[in-house]
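Asker: The structure's right below; bear with me while I get my questions together.
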Amino acid sequence: MNRLRIAAAVIILVTLGVMGARLIPIYLENIRLQGYVEGIAQDAENMTRPDDALRVAVLEKAAFLGLPVKAENVHVKRSNDTMRIDVRYIVRVDFPLCTVDLHFYPGAGSQ
């Protein structure tokens with residue numbers, strides 16, 4: 001009975017390791033995209049750039065990071081002296097027994 005418990009524990013740990021190995025890189029790339037979006041939103045020079053140019057910059061960074069962001073996922077909102085960039089996208093991760101949709105919402109605004 002003790003060997004069965006050890007075997008079950010090893011299987012659980014291996015499963016968690018495999019899942020972590022698949023999920024952690026996606027989360028790290030999202031964090032990198034978040035930092036990039038924050039940098040764009042905080043840069044005063046970008047207040048005068050057209051929305052489409054900002055959108056293209058975010059899309060290029062997302063493509064470089066391997067994230068499935070499309071043009072309709074990037075929203076640039078402006079009001080008076082502020083600007084906000086929001087990105088909404090989903091990453092589908094397939095595991096042998098299930099599929100997981102990860103929803104990400106990186107965004108930032110100027111002040």
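Asker: Here is a check on your reading of the model: is E38 modelled with pLDDT under 95, surrounded by 11 or more Cβ atoms within 10 Å (Cβ to Cβ) and part of a helix (DSSP H, G or I)?
Answerer: Taking the combined requirement at face value, the residue satisfies it.
Asker: Could you check the range 44-111 for strands (runs of 3 or more DSSP E) lying wholly inside it with 2 or more residues that are in contact with a strand residue (DSSP E or B) (Cβ under 9 Å, 6 or more places away or on another chain) and without any contact (Cβ under 8 Å) to a residue 40 or more places away in the chain?
Answerer: 74-79, 82-87, 89-94, 99-104
Asker: Going through the range 79-109 one residue at a time, which ones are surrounded by fewer than 13 Cβ atoms within 10 Å (Cβ to Cβ) and closer than 24 Å to N46 by Cβ?
Answerer: Scanning the range 79-109 gives S79, N80, D81, T82, Y105.
Asker: Can you say whether V69 is surrounded by 15 or more Cβ atoms within 10 Å (Cβ to Cβ) and touching a helix residue (DSSP H, G or I) at 6+ places or on another chain (Cβ under 7 Å), as far as the supplied structure shows?
Answerer: yes
Asker: Take I31 and tell me if it is without any contact (Cβ under 8 Å) to a residue 40 or more places away in the chain, part of a helix (DSSP H, G or I) and closer than 30 Å to T15 by Cα.
Answerer: In short, yes.
The values are calculated or read from the model by the stated rules, or taken from the named source; none is laboratory data. As the structure is a computational prediction, the values presented were derived from the model and not from experiment. FYI the Cβ positions are ideal-geometry reconstructions off the backbone, even for glycines, and counts take in every protein chain you see.
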